[in-house]
1. Can you list the HN-Hα couplings for segment 124-134, worked out from phi with the Karplus curve (6.51, -1.76, 1.60; θ = phi - 60°), rounded to whole Hz and with x for Gly and Pro?
2. For q values of 0.08, 0.09, 0.14, 0.17 Å⁻¹, compute log₁₀ I(q)/I(0) with the Debye formula on a Cα-only model of the chain, without solvent.
3. Across the Cα atoms of segment 114-156, what radius of gyration and what greatest pairwise Cα-Cα distance (Dmax) are found, in Å?
4. Which net charge results for the neighbourhood of Tyr62, defined as the other residues with beta-carbon distances under 12 angstrom from its beta-carbon, given Lys and Arg at +1 and Asp and Glu at -1?
5. Starting from the Kirkwood Rh over alpha-carbon pairs, what translational D in µm² s⁻¹ does segment 136-211 have by Stokes-Einstein at 4 °C and 1.567 mPa s?
6. Using mean Cβ contacts within 10 Å as the protection proxy, how do 97-104, 123-130, 198-205, 186-193 order, highest first?
7. 222 nm [θ] for the chain, helices only, -39500 (n - 2.57) per DSSP H run of 4+, per residue, to 500?
8. Pull out the extension gain between Lys53 and Ser68, defined as 0.36 nm times the separation in residues minus the alpha carbon to alpha carbon distance; nm, one decimal.
Amino acid sequence: MSDQENLSNHSATELAELERTWMSHELHDGLMQWVVGAKMQAESLHARSMDGKPPTADQLQYLGTLLSRAVLEGRRLMAGLRPPELDESDWHVALTHWANIARTGCQTAVEFNLDPATRVVSDAMQRCVYRIVQESVGNALRHAKAENVRVDAKFVDSDLVITVQDDGIGFDQVSVGADRYGLKGIHERAALLDGSATVQSQVGSGTRIEVTLPR
C-alpha cells in the first residue's frame with residue numbers, strides 16, 4: 001500500500017499538508033541524521049588532530065560511510081520518500097544495520113526483540129516504524145547517556161506495537177516541549193497512520209516510547 005493510497009480518505013488540502021509533513025519528517029529523520037553524524041565525526045577527528053593524533057583508517061572509513069548514506073538519502077528525496085535501507089532488506093534487518101552504524105564510537109548497547117510476524121506490514125507502515133525507531137534510538141544515543149536501549153515489536157490483537165526503552169538520564173516531560181528531541185515528529189508519524197504514541201520519562205529513570213499502529 002502506498003502512502004497516497006493510505007491517506008486517500010483525506011481532502012486534497014489535507015493530503016498536501018500531510019505530504020509536506022512527511023517531507024519535513026523525512027528531512028529531519030533521514031538526511032539530517034546522517035549529516036549531523038558526519039559533522040560530529042569530523043569535529044571529533046579535528047579535535048584529535050589538534051592534539052597530534054592523526055585519524056585512523058577505521059575513523060575515516062566511518063566518516064565516509066556516514067557521508068555515503070547522506071548522499072543516498074539526498075538521492076532518495078529527489079526520487080521518492082522510501083528509505084534506501086528498506087530497498088535492501090526488510091525493516092527488521094534495515095533497523096539492525098542502521099543501529100550498528102549509528103552506535104559506532106559509543107558504548108550504548110542496542111537490543112532488538114522483534115517478533116518475526118511483524119516483518120510483513122504495508123510499505124507505509126514499514127517506513128513509519130523505521131523512522132520512529134530511528135528517531136527514538138538516535139535520541140537515546142545522542143542525548144540519554146544510556147547504557148542500554150531495547151526495541152520491541154509485536155502484534156497485540158490487530159495492532160502493531162513498537163516499544164523503545166532506554167536506561168538513560170531521562171527528562172522532565174513538563175519542562176521539555178513536545179517538539180524537542182523529535183517527539184512531535186513521532187506523534188505526527190503515528191497519527192498519519194491512525195495510530196498513537198506515548199512517551200514516558202522521568203529525570204534519572206530513562207525513557208519509554210510506545211507506538212501503536214492499526215494493522
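1. Each residue's phi maps through the Karplus curve to give 4, 5, 4, 5, 4, 5, 4, 6, 5, 5, 4 Hz.
2. Values returned for q = 0.08, 0.09, 0.14, 0.17 Å⁻¹ are -0.29, -0.37, -0.89, -1.28.
3. 12.0, 34
4. Here the count lands on +1.
5. 102
6. Those peptides, ordered most packed to least, come out 123-130, 186-193, 97-104, 198-205.
7. My calculation for the chain gives -15500 deg cm²/dmol from helical runs alone.
8. Gain on extension, Lys53 to Ser68, equals 2.9 nm.
Read the figures in this text as sums done on the coordinates, not as results from a lab. Nothing here was measured: the structure is a model prediction, and the numbers come from that model. Don't worry about glycine lacking a Cβ; one is built from the backbone with ideal geometry, like all the others, and counts go over all protein chains shown.
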